[in-house]
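These notes are about the structure you will find just below.
The values are calculated or read from the model by the stated rules, or taken from the named source; none is laboratory data. None of the values given here were measured: they were computed from a predicted structure. Quick reminder, even Gly has a Cβ in these numbers, built from the backbone with ideal geometry, and neighbours come from all protein chains shown. Protein only, heavy atoms only, side chains kept; ligands, DNA and RNA dropped before computing areas. Shrake-Rupley method; radii C 1.70, N 1.55, O 1.52, S 1.80 Å.
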Amino acid sequence: MSPGQQRLVLHVGVMKSGTSFIQSRLFANKKMLLSDRGILVPGLNWLSQVMAARDVLGSGEEQWAKMAGKVNAHDGTSVISMEYLGPVRPAVARRVLDSFPSHQVDVVITARDLNRSIAAMWQETVQNGRTWTFADYLAGIEAWRPGHRSAGDPPEAGRTFWRQQNLVRIARTWGELAPVSVVTVPPPGAPRDLLWERFCSILRTPPDGFAPARLDNESVGAASTLVVRRLNELLTEAGLPFPEGTDLRKGVLAKQVLAARKAAEPAIGLSVAPWVRDHAAHMVTALTDLGITPTGSWDDLAPVDVPGVDPATIDDSTVLDAAMAGLAGFLAQQIREGDES
């Protein structure tokens, strides 16, 4: 980049592809990035970028215009990381890019192997208020997969998944407007910071010298996911459908209390189905045909078995233990906060 040239690295996901890890690291090092490396991370915190993204996705202007103004005023590189922008319509993508008329915009899509994404996305969608069983979720994903949609009325779960996880469509939408890079999430067992090193190569900054960051988007175990799923059903029956009580049911119960006992529970397991392997291969072919060379390796997207259990096989006593632990932990936190007020 020539002196004085403005550049925006726009990281748009996909969901569950290390986005929270990258965002946490960026904001934990926000001051250092600006003072030492000239890289602007706009917004006070991650929530600032969330609100701005929601603004541009809807009809609002204030929050997005405020963030875009900071980027446009910065002489150098800026980085926005928000996976909500990944699956947008072409018109919205154009509106986003039009906000930075003087910038070289490089769109970055982090991508994870499909089988790991399926298992991770189910527990995340349950945390977001859904009530689909794991079996229904899997059936919907297979029925709605790109190029093979089943006849009739397939489960809504599948359409939701592919809206967020159709990597080829996301790459094509953004690639028609700006250069696109795909950064692959390393396979299980790889060094934890390898994803960060790959992302830093896109930022064009050394990966060392960064403070660690606490992750807020923690996953939960299989039994706890079943607890939250049933809780969603009961709250909906009580006239309190999601997003009512999001801060408590997701922010406290799921992300803090139940996530803390993840090691005490079996994980959600999933063997690689033949259609998943076939789709992953076609996906890599399509991305290659778009002229994309990965930062990482296409081999990272080869589906692997996810160790763990089928949630349907978990006995009621294990689910009850998770529910009681969740109730106790939730009440303990509320009592402590009450004592401090």
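Quick notes on this structure:
- Any hit, the stretch 19-31, residues being surrounded by fewer than 21 Cβ atoms within 10 Å (Cβ to Cβ), without any contact (Cβ under 8 Å) to a residue 40 or more places away in the chain, under 16 Å from PRO212 (Cβ atoms) and not β-branched (Val, Ile, Thr): yes
- Per-region count, the stretch 166-185, residues surrounded by fewer than 19 Cβ atoms within 10 Å (Cβ to Cβ) and part of a loop (DSSP other than H, G, I, E, B): 4
- Any hit, the stretch 200-220, residues being in contact with a Lys or Arg (Cβ under 6 Å, 6 or more places away or on another chain), of a type in the set (S, T, N, Q) and at pLDDT 95 or above: yes
- Of all residues in the stretch 172-208, exactly one satisfies the criterion of being closer than 28 Å to TRP132 by Cα and in contact with a strand residue (DSSP E or B) (Cβ under 8 Å, 6 or more places away or on another chain), namely VAL185.
- Of the residues GLN5, GLN49, the single one that is among the polar types (S, T, N, Q) and buried (at least 19 other Cβ atoms within 10 Å of the Cβ) is GLN49.
- VAL50 vs. criteria modelled with pLDDT under 95, touching a helix residue (DSSP H, G or I) at 6+ places or on another chain (Cβ under 6 Å) and either polar (S, T, N, Q) or not in a loop (DSSP other than H, G, I, E, B) (or both): no
- Count of the stretch 171-224 residues which are among the basic types (Lys, Arg), touching a helix residue (DSSP H, G or I) at 6+ places or on another chain (Cβ under 8 Å) and on the phi > 0 side of the Ramachandran plot: 0
- Taking the stretch 60-118 as the range and being open to solvent by 20 Å² or more (accessible area, probe 1.4 Å), in a loop (DSSP other than H, G, I, E, B) and either closer than 30 Å to ASP305 by Cα or in contact (Cβ under 8 Å) with a residue 60 or more places away in the chain (or both) as the test, the residues that pass are HIS74, ASP75, ARG89, SER102, ARG112.
- Residue count for the stretch 300-326 satisfying the condition of being free of Cβ contacts under 8 Å to residues at least 24 places away in the same chain and either in contact with a Leu (Cβ under 7 Å, 6 or more places away or on another chain) or open to solvent by 90 Å² or more (accessible area, probe 1.4 Å) (or both): 4.
- Those residues of the stretch 272-290 which are among the small types (Gly, Ala, Ser) and in contact (Cβ under 8 Å) with a residue 60 or more places away in the chain, in sequence order: ALA273, ALA280, ALA286
- All conditions in (1) part of a loop (DSSP other than H, G, I, E, B); (2) buried (at least 17 other Cβ atoms within 10 Å of the Cβ) hold for VAL284, with the sole exception of (1).
Residues checked against (1) aromatic (Phe, Trp, Tyr); (2) open to solvent by less than 70 Å² (accessible area, probe 1.4 Å); (3) within 22 Å of PHE21 (Cβ to Cβ); (4) out of contact with any Ser or Thr (no Cβ under 9 Å at 6 or more places or on another chain):
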{"residue": "GLY221", "(1), (2), (3), (4)": "no, yes, yes, yes"}
{"residue": "SER224", "(1), (2), (3), (4)": "no, yes, yes, yes"}
{"residue": "VAL227", "(1), (2), (3), (4)": "no, yes, no, yes"}
{"residue": "ASN232", "(1), (2), (3), (4)": "no, yes, no, no"}
{"residue": "LEU240", "(1), (2), (3), (4)": "no, no, no, yes"}
{"residue": "PRO243", "(1), (2), (3), (4)": "no, no, no, yes"}
{"residue": "ARG249", "(1), (2), (3), (4)": "no, yes, no, yes"}
{"residue": "VAL252", "(1), (2), (3), (4)": "no, yes, yes, yes"}
{"residue": "LEU258", "(1), (2), (3), (4)": "no, yes, yes, no"}
